[in-house]
Structure formats: C-alpha cells, structure tokens
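Trainee: Here it is: the structure, laid out below.
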C-alpha cells in the first residue's frame, strides 16, 4: 500500500505549490545523474538562485540528499523518494496531462 503521507507531500510540492514544474525538472535530472546546483542551473537554463531555492525545498522535505561540502556538494534523489518513486511518477503523469508542463 502506498505511503499516504508521501502521496500528500508529493502532490503539494509538485502540483499544489508555485515552482512545482521546476522541482519536477530537478528531480528528473537528478534521477539521471548527481549534480551540483551550478550544473543543474546550466542544464535546466534556470537562475542559480531559483535552483538553489527549489533544491532547499526538496532537501527539507527529504526528497533529495547531498554529499560533499561548499562548492563540491553533489545532490542525489533521496532514498525516501526512491521508495516512493511510483507515486512520484503517477503524480507527474497526472499533472503533465492536466497542465501544460514542459517536462
């Protein structure tokens, strides 16, 4: 049975709050490879500070984790998100159909 707390959290962060589209892009990128904030900003063509904000939100909600210090910090998809990845994919699928997300 899916984790209902995780489901609510994922709905809120990706569909119910401003910036959800960028957070989805960040998670999708981190599923491919760990990156630092600067590289994420370059790949996604987003402002560094915007990416930093979204990564902070994701990290505070235990959806991404990091290793390293200062400029060497690399971000990864967290074990918590990995264990709820089916719910994440379901939510992204639903919101991408209902909105004009460019994911």
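Trainee: When you scan the stretch 66-76, do you find a residue that is touching a helix residue (DSSP H, G or I) at 6+ places or on another chain (Cβ under 7 Å) and closer than 20 Å to residue 17 by Cα, even just one?
Mentor: no
Trainee: Looking for whichever is at pLDDT below 95 and surrounded by 19 or more Cβ atoms within 10 Å (Cβ to Cβ) here; the options are 91, 37. Which one fits? Full working, then the answer.
Mentor: On the way: 37 fails: at pLDDT below 95.
Checking each option against the conditions leaves just 91.
Trainee: Still on this structure, please answer the following. Working only within the stretch 66-95, note down all residues that are in contact (Cβ under 8 Å) with a residue 60 or more places away in the chain, within 17 Å of residue 26 (Cβ to Cβ) and either in contact with a strand residue (DSSP E or B) (Cβ under 8 Å, 6 or more places away or on another chain) or assigned to a helix (DSSP H, G or I) (or both).
Mentor: 80, 88, 91, 92, 95
The values are calculated or read from the model by the stated rules, or taken from the named source; none is laboratory data. These numbers were taken from a predicted model, which means no experiment stands behind them. Glycine gets a Cβ as well: all are built from the backbone with ideal geometry, and neighbour counts include every protein chain shown.
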